[in-house]
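Trainee: My questions will all concern the structure given below.
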Amino acid sequence: MKKNIVLFFAILFTVVSFAQDVSVYPTHWWTGMKSTQLQLMIRKVGIGNPANKSVTINYPGVKLLSIQRVENPNYLFINVSIQPSTKPGKFPVKVIANGKTTYEFTYELKSKSKQNGTTRVRGITSTDFSYLLMPDRFANGNPANDALPDLYRDKTADRNNKFARHGGDLKGVQDHLDYFNELGITAIWFTPVTENDMPKMREGSFDMAGYHGYWFTDHYNVDKRFGTNDEYKTFINAAHQKGLKVIQDAIYNHIGLEHWINRDPPAKDWINQWPEFTGPNHREETMFDPYASKFDKNNMVKGWFVKHLPDLNLANPLLATYLIQHAIWSVEEFGFDGFRIDTYKYCDETFVNNVNAALKSEFPTITTFVEAWANTVVANAYFVDNNFKIPFKHNAPGAIDFSLCFAMQAGMNQPFGWTEGVNRIYMTLAQDIVYKNPLNNCIFLDNHDMDRVFSVIGEDWSKMKWGLNWLLTMRGIPQLYYGTEILMKNFKNPTDAEVRLDFPGGWAGDSVNKFTREGRSTKENEAFDHISKLAIFRKTSSALTTGKTMQFIVRDGVYIYFRYDDRQTIMIITNTSDRAYKPDWTIYQERIGAFKNARNIHSNKTIALEGMEIPGKESWVMELK
Ligand SMILES: [Ca+2]
Ligand SMILES: [Ca+2]
């Protein structure tokens with residue numbers, strides 16, 4: 001009896017110790033991966049104690065290579081190789097001290113998907129039209145997960161507070177997949193859904209929630225206020241079944257203050273340390289300027305973005321492996337199609353190239369575009385695959401094209417001049433010589449960090465049409481910010497919360513539902529239809545998606561460019577002046593050739609090129625016939 005009691009408590013103790021904060025990363029892996037190397041991180045109090053001398057793994061094809069300790073005894077790293085012949089399955093991993101097993105866990109190798117590149121992980125290309133949304137602000141599909149006070153530090157959801165969580169979630173996005181198809185969208189990009197278990201943080205004079213998702217506290221878990229890991233998979237599968245791709249937002253530069261990497265770092269040098277809070281200078285020039293000081297570059301790479309976002313030392317090899325394996329894990333686990341990388345210009349440059357290369361090696365079809373928020377074309381191009389002959393070459397395929405965004409805004413907003421107005425677009429596109437492939441750039445009129453474009457242009461619908469026409473016909477991967485199609489407006493004044501308002505109709509009981517034609521005003525339907533008509537045409541237009549570009553010098557404020565290939569020629573003509581304009585087609589003969597007529601994509605009217613006159617303030621997208 002006594003013996004049984006001892007045994008009972010021994011079992012209980014084992015269970016209790018198992019229920020403590022124990023984690024193994026990656027949580028599972030796959031057979032059939034290109035790389036045969038895997039590094040497991042065990043996180044458990046005392047696991048790295050030198051008494052834990054050895055590890056045993058007994059599974060055909062899996063070989064223990066080495067174990068590694070770090071200065072924090074709560075971590076142990078296990079390096080294994082997985083031979084290509086290894087079968088999927090589960091096996092025990094034992095940590096041994098003095099001949100006894102002190103910790104044992106079961107590790108699983110699943111079978112790598114054979115659908116990568118066909119029904120999942122398809123890559124985002126210039127054939128796509130993406131829609132950027134914030135899940136917390138788009139639609140609430142599950143009111144039961146709005147606030148989960150037993151699980152998370154921030155215990156509230158409150159739609160009356162612009163800085164709080166509002167309860168939107170993945171189910172809400174999933175409930176509107178048909179809406180995206182009506183609008184002509186082909187890819188959904190949303191701000192991160194990774195766990196952000198942070199309390200509200202003081203930013204300026206406001207207490208902000210991590211509703212935007214950029215404060216990771218656990219890489220391997222979806223924040224349950226957006227949905228579980230399984231619900232994320234369900235959402236992606238549902239999107240794929242509706243012909244929609246999915247873009248995941250990734251962050252390598254920093255983590256949230258409450259991430260265990262910051263609370264209990266494996267080694268001090270996983271976080272870039274400063275004697276007191278030091279922010280980065282935000283000057284991307286420090287990364288490529290031939291005259292830059294080491295001081296400025298060091299500050300740019302290692303400064304903390306804000307006080308509550310510890311900056312990761314991506315040059316640490318164990319941390320780098322942790323993050324690279326997580327990136328691979330998330331693609332294989334969830335099957336999304338492309339990455340958008342946040343705060344790219346603040347990252348260790350060798351690391352970002354390594355993670356991109358590792359992803360490309362495992363998933364040849366995966367694509368990436370990076371946020372460098374650069375103010376010049378040279379700077380934008382520096383952070384991606386480019387034509388520069390310089391010592392360090394970045395390898396990301398595409399940039400988020402801020403230069404073209406600023407140029408398009410200037411084209412709508414400024415009066416025409418030698419270097420102003422629509423000439424900014426002309427001059428910016430001319431600088432495409434620096435990109436290896438400008439079609440890989442994500443192009444946009446605004447995003448979640450900027451004033452809404454409709455406000456920027458003074459709520460002028462004529463100018464809005466120019467911008468939308470350019471967005472959907474210029475080279476690159478167009479991105480629309482949620483709500484632009486219903487003319488949502490606002491400046492980031494006093495904060496960016498103003499440009500992140502709830503989509504009307506996303507919550508049960510909303511007074512209007514702008515997901516439906518009936519819920520939208522006449523003007524809003526005009527905007528929605530203008531976008532959807534061109535977007536749906538674009539889907540099957542080889543010229544607009546993958547064709548070449550030819551632009552002509554802007555004359556009298558009239559900007560004409562062509563997208564063309566062997567099968568199709570599209571002319572985009574925008575008259576930014578007040579006066580009607582009759583193009584002299586002899587100037588455009590190279591592209592006009594034998595074409596006699598042009599069909600306006602929006603009105604569907606075909607008119608003769610001879611004698612064609614475009615009124616002032618008008619923009620037309622025309623297929624030449
Ligand atoms: Ca919810
Ligand atoms: Ca950094």
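The values are calculated or read from the model by the stated rules, or taken from the named source; none is laboratory data. Because the structure is a prediction, the values reported are computed rather than measured. Quick reminder, even Gly has a Cβ in these numbers, built from the backbone with ideal geometry, and neighbours come from all protein chains shown. The area values use the complete protein model at the heavy-atom level, side chains included, leaving out ligands, DNA and RNA. Shrake-Rupley method; radii C 1.70, N 1.55, O 1.52, S 1.80 Å.
Trainee: Could you run the Karplus curve 6.51 cos²θ - 1.76 cosθ + 1.60 with θ = phi - 60° over region 291-307 and give me ³J(HN,Hα) per residue in whole Hz, x for Gly and Pro?
Mentor: Those phi angles translate into 10, 5, 8, 5, 4, 5, 5, 4, 5, 5, 7, 10, x, 7, 3, 9, 4 Hz.
Trainee: Sorted by packing (mean other beta-carbon atoms within 10 Å per residue), highest first, where do 337-350, 265-278 land?
Mentor: Descending mean neighbour count gives 337-350, 265-278.
Trainee: Something else about it: State the percentage of accessible surface on region 19-111 attributable to carbon and sulfur atoms; use a 1.4 Å probe and exclude ligands, DNA and RNA.
Mentor: Of the solvent-accessible surface of region 19-111, carbon and sulfur hold 49 percent.
Trainee: What net charge do the residues around ALA315 carry, taking every other residue with its C-beta under 15 Å from that of ALA315, with Lys and Arg at +1 and Asp and Glu at -1?
Mentor: Here the count lands on 0.
Trainee: For ALA399, which sequence-distant residues (separation of 5 or more, or a different chain) have an amide H within less than 5 Å of its own amide H, given hydrogens modelled in the peptide plane?
Mentor: Under 5 Å from the amide H of ALA399: VAL370, ASN441, CYS442.
Trainee: Oh, and also: Using θ = phi - 60° and the Karplus relation 6.51 cos²θ - 1.76 cosθ + 1.60, list the HN-Hα couplings for region 355-364 in order, rounded to whole Hz, with x at every Gly or Pro.
Mentor: The phi angles translate into 5, 4, 5, 5, 5, 5, 5, 6, 10, x Hz.
Trainee: Accessible area per residue for region 546-624 in Å², computed with a 1.4 Å probe and the full protein assembly in place, what is it?
Mentor: 49 Å²
Trainee: Ok, one more. Quickly work out the LYS596-to-ALA292 label distance, labels modelled 7 Å from Cα along the C-beta direction, and quote it in nm with one decimal.
Mentor: 5.8 nm
Trainee: Right, something else. Which angle from 0 to 90°, rounded to the nearest 10, does the C-alpha axis of helix 2-19 make with the longest principal axis of the chain?
Mentor: Rounded to the nearest ten degrees, it is 20.
Trainee: Taking a threshold of 29 Å on the Cα-Cα distance, which of the pairs LYS389/LYS492; LYS53/LYS233; LYS63/LYS245; LYS548/LYS617 fall above it?
Mentor: As for pairs spanning more than 29 Å Cα to Cα, those are LYS389/LYS492; LYS53/LYS233; LYS63/LYS245.
Trainee: Here is a further query. Within the set of other residues whose C-beta is less than 10 Å from the C-beta of THR217, count the net charge using Lys and Arg as +1 and Asp and Glu as -1.
Mentor: In short, -3.
Trainee: With θ set to phi - 60° and the Karplus curve 6.51 cos²θ - 1.76 cosθ + 1.60, what are the ³J(HN,Hα) couplings of region 100-113 in order, to the nearest whole Hz, using x for Gly and Pro?
Mentor: Along region 100-113, the couplings run 10, 7, 9, 7, 9, 9, 9, 10, 10, 10, 9, 8, 4, 4 Hz.
Trainee: Given H placed on each backbone N at 1.01 Å, which residues far from ASP451 in sequence or on other chains put an amide H within less than 5 Å of it?
Mentor: LYS492
Trainee: For region 350-412 and region 456-528, what is the separation of their Cα centres, given in Å?
Mentor: Centre-to-centre distance over Cα atoms comes out at 27 Å.
Trainee: Next question. From the helices alone, meaning DSSP H stretches of at least four residues, give me the mean residue ellipticity at 222 nm for the chain, per-run term -39500 (n - 2.57), in deg cm²/dmol to the nearest 500.
Mentor: Using -39500 (n - 2.57) per qualifying helix, the result is -7500 deg cm²/dmol.
Trainee: Quick query: amide H of TYR252 versus all other amide H atoms, modeled in the peptide plane; which residues come in under 5 Å with a sequence gap of 5 or more or a different chain?
Mentor: Correct list: ASP342.
Trainee: As I understand it, the value is the acute angle between the Cα axis of helix 522-539 and the longest principal axis of the Cα atoms of the chain; what does it come to in degrees, rounded to 10?
Mentor: The angle comes out near 80 degrees.
Trainee: Continuing with this model, one more query. Excluding TYR561 itself, what net charge comes from residues whose Cβ is under 11 Å from its Cβ, given Lys and Arg +1 and Asp and Glu -1?
Mentor: It works out to a net charge of +4.
Trainee: Taking every DSSP beta bridge that has both residues in the chain, what percent is antiparallel when rounded to the nearest 5?
Mentor: 70 percent
Trainee: A further question on this structure: To the nearest 10 degrees, how steep is helix 461-473 against the longest Cα principal axis of the chain, on a 0 to 90 scale?
Mentor: Roughly 60 degrees, rounded to the nearest 10.
Trainee: With contacts defined as alpha carbon pairs under 8 Å and 6 or more residues apart, what's the relative contact order of the chain in percent?
Mentor: Taking the mean separation of contacting Cα pairs over the length of the chain, I get 11 percent.
Trainee: State to the nearest 20 debye the size of the charge dipole of the chain about its Cα centre, where the only charges are +1 on K and R beta carbons and -1 on D and E beta carbons.
Mentor: Roughly 1700 debye for the chain.
Trainee: Still on this structure, please answer the following. Which whole-number percentage describes the relative contact order of region 586-625, with Cα contacts under 8 Å and a sequence gap of 6 or more?
Mentor: Reported relative contact order: 47 percent.
Trainee: Between SER85 and THR546, what length in nm is gained on full extension when 0.36 nm per residue of separation is reduced by their alpha carbon distance?
Mentor: Stretched out fully, the SER85 to THR546 stretch lengthens by 161.9 nm.
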